[in-house]
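One structure is given here, and the rest of the page talks about it.
Just so you know, all these numbers are worked out from the coordinates, no wet-lab data involved. Keep in mind that what you see is a predicted model, and the values were worked out from it rather than measured. No Cβ is skipped: glycine too gets one built from the backbone with ideal geometry, and neighbour counts run over all protein chains shown.
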């Protein structure tokens, strides 16, 4: 893996920090020259206010917030006929959808109170272990009143296989109050049918957790984002995929509901509405019965950029919401393919 490839996502995030303007209200056409990349589906992920709520949201393709402050609303543009959903099948889309050099900034809220922000940056395509990959890096942190109670931050870097959309490797730095940890996950090649998570708390020895790999493979929050953005399913389709959030594995069922016209800080857009349900699994891939299922809704713009414009997740603490409030793309960025 070349140094140039490793540094690409860091360069993109540094570019964002120098040039991003908080509360930017530019229209979605701010990057008209962006070329469309082929690919397939999935998910967003995390930050948290009082518990792991934002983490689940951002990592399970769910972290969302309806733009109450701007009078956000959603109007269906589908037929009035009830939707008949097909039997769920594994969500396999091949090439993930990313635009190299893009930067997405989200505002995270709980009970309509802004408590955090998340930034997702996509690097340039490169090579890792003989395969074409792209680096996706996400950073999330608590803000405002939430930060007064406890500092929460995540910095996750994922190397995503551009041929399959699955993660190859993940590195994460996590802070929750006075607790800090480093997580490294190798998703394949270590043990047949399993993958290892190396978990190191500050001042303590590294622990290794070994999990079974589901038949259709596993995603993390960053790679799930490329998956769901690429998912161009017909209304009524249902699919299943698995997401690793920290050290926890979640089974997701998503449903293609249709299209809606919604108002956002980036203007009014037409978006595909994807409804999902996530169940937590144990290390043997059995459902953890003591944990309730989590429902969420993801809206992805129906245009060449397929932006994850909004996410709303229902948790035991209330609705966790995430709104895309700023979108940029680095100059001369090549497309991910």
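Tabulated data for the structure shown
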item: Ranked by how many other beta carbons lie within 10 Å on average, peptides 110-119, 197-206 from highest; result: 110-119, 197-206
item: Three-way shape call for the stretch 84-140 based on the alpha-carbon gyration tensor, with the a/c threshold at 1.5; result: oblate
item: Global form of the stretch 177-242, assessed from the alpha-carbon gyration tensor, a/c cut-off 1.5; result: oblate
item: Ranking of 300, 160, 325 by count of other Cβ atoms within 10 Å, fewest first; result: 325, 300, 160
item: Rg/Rh ratio calculated on Cα atoms of the stretch 212-257 (Kirkwood radius); result: 0.98
item: The stretch 132-252 shape via C-alpha gyration tensor axes, a/c threshold 1.5; result: oblate
item: Cβ crowding within 10 Å averaged over residues, with 232-240, 162-170 ranked highest first; result: 162-170, 232-240
